[in-house]
Every structure is written in structure tokens, then in C-alpha cells.
Amino acid sequence: QVQVVESGGGLVQAGGSRRLSCVASGDISRISNMGWYRQIVGDQRELVAGISNGDKTIYGNSVKGRFTISRDKAENTVALQMNSLKVDDTGVYLCGAWIGSEKRYVWGQGTQVTVSE
């Protein structure tokens, strides 16, 4: 089993920064890619940033140049550094771990980020 737990959410003013962290535990050898997603309508989630086992990164268009994803394999963590935050960045941020052998994501509970004017 694989579990992921997010932390670091909170209230921040527009223009400020916030760092989210995701810790993976369990049978982490099964994890390939990891990423941060934002909950939108219903159960839909949009990609914020992703990182592969080879440290290849991908970003959603709205966060390019402002957010940076990084991975510490020794600590089994993935961080999302969010700079120049905007009100539109507000939402629940979820960490997802892709289990390639099962073709499914393992999700955390999410962490709320609220950006105020």
C-alpha cells in the first residue's frame, strides 16, 4: 500500500509565497510519477505540476514561471513552491502518486490554499 499526506496549506496574500509538501509512505517503490493537482468542479482535478522518477517536470499553463515542483527521493517527499500567488490559485491542492503497475493514482486528503486580495 502507498499513502500520501499533504501539508503546508493556509491563508496567504496575493503576491505572496507558500510551500506545499507531500510525504509518501508504504511501498514507495511502486510510485513512478508524482504531482500536485487542484480540485475544481465536483471530483474533477486539474494538473498544477508533475514530476517523474527521472525528474522531468510538467506544469499547468496558469502556474508556469510561478510554481516549482521538486522531489527528494531520499525523504520520499514532493514539494510545490508557489510564488507570486494570485486569488485564482485558491483551492484544495492534492498530491497524487501514480502507481504505474495498477494504472491508478493514490491521492492524499488535500490541503486548502486561500489567496486573499
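Worth a mention:
- Spacing of the two label points (7 Å from each Cα toward its C-beta) at Ser17 and Gln3, in nm: 3.1 nm
- Reachable lysines from Lys73, criterion Cα separation under 18 angstrom, eight or more residues apart if same chain: Lys56
- Per residue accessible area in Å² of the chain, where ligands, DNA and RNA are left out and the probe is 1.4 Å: 53 Å²
- Rounded to the nearest 20, the Cβ-based charge dipole of the stretch 54-117 about its Cα centre (Lys and Arg +1, Asp and Glu -1) stands at 240 debye.
- Hits among aspartates and glutamates - C-alpha to C-alpha of Lys103 under 20 Å, sequence gap 8 or more where chains match: Asp27, Asp43, Glu46, Asp55
- Taking only protein heavy atoms and a 1.4 Å probe, the accessible area of the chain is 48% carbon and sulfur.
- The chain, relative contact order [Cα under 8 Å, separation at least 6], %: 36 percent
- Rounded to the nearest 20 debye, dipole of the chain from Cβ charges on Lys, Arg, Asp, Glu: 240 debye
- Largest to smallest principal axis extent of the C-alpha atoms in the stretch 3-117, angstrom: 43, 29, 23
The values are calculated or read from the model by the stated rules, or taken from the named source; none is laboratory data. Since the structure is predicted, the reported quantities are computational estimates derived from the model, not experimental observations. In this analysis, Cβ positions are derived from the backbone assuming ideal geometry, glycine residues included, and neighbour counts consider all displayed protein chains. Heads up: the accessible areas ignore ligands, DNA and RNA and are worked out on the full protein's heavy atoms, side chains in. Shrake-Rupley method; radii C 1.70, N 1.55, O 1.52, S 1.80 Å.
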